[in-house]
Amino acid sequence: QVVFGVGNPHASVMFVGEAPGFHEDREGEPFVGAAGKLLNDLLQSAGLSRSDIYIANVIKCRPPNNRDPEPDEVETCKPFLMQQIAMIRPKLVCTLGNWATQTLLERKVGITKVRGQAFYLKDFVLFPLLHPAAALHQDSMLEPLRGDFMKLREFLDRQAKPVKPAEATTTPEAPTLQIDPPQPAQMELFG
């Protein structure tokens, strides 16, 4: 079945994974299996909760046998992801794993080289993270994954601006996030 996305439609932070797995396909919601439980713990460590964010996948249907997505599947589903991003209008998009990162950076790059760094794109800041499923398959990935989410928390703490009482609304919305401009060294990565 199609697993589109869920979460706060006013979220300033969006998470993008690769594709639905078995449990996600069955429930029709992203990140509800073991990787989702780990993600919930990691979100909490970064000062976030599922109610604060919007979460989606690049691929909207489960690939057979949980294989990696094919390039044509990514190209077919990417416009739907871009429309989701346009509708939610997050200031920060956290990609989980290689496929989501490569799709939004629009270049082939290894997640281990770019994880835990902010990339200032046209409409949002991209913050690549290891995928929680990596830690479920390799115990040695759990600490680097936790480290990525600590970097995310530090980034969010640096960017957070207090909301004045007069600006507060009664509508339940995700916390406001202001993003500082990129540092010159960051731009050299796109050289």
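Taken together, the values in this text are just the output of simple stated rules run on the coordinates, not laboratory data. Worth saying up front: this structure is predicted, and the values here are computed from it rather than measured. No Cβ is skipped: glycine too gets one built from the backbone with ideal geometry, and neighbour counts run over all protein chains shown.
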Taking 0.36 nm per residue of separation and subtracting the Cα-Cα distance, what length does fully extending residue 37 through residue 122 add? 27.4 nm
Label-point separation (nm) for residue 68 and residue 2, each offset 7 Å from Cα along Cα-to-Cβ? 2.7
Using the per-residue mean of other Cβ atoms lying within 10 Å as a proxy for protection, in what order, highest first, do the peptides 18-26, 124-132 fall? 124-132, 18-26
Rounded to one decimal in nm, the spacing of the 7 Å Cα→Cβ label points at residue 78 and residue 153 is 3.5
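Can you work out the FRET efficiency for the pair residue 26 and residue 49, with r the C-beta to C-beta distance and R0 = 30 Å, to the nearest 0.05? It would help to have the intermediate numbers written out before the result.
Working: r = 23 Å, r/R0 = 0.78.
Efficiency at R0 = 30 Å is approximately 0.80.
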Between residue 86 and residue 143, 0.36 nm times their residue separation minus their Cα-Cα distance comes to what? 17.2 nm
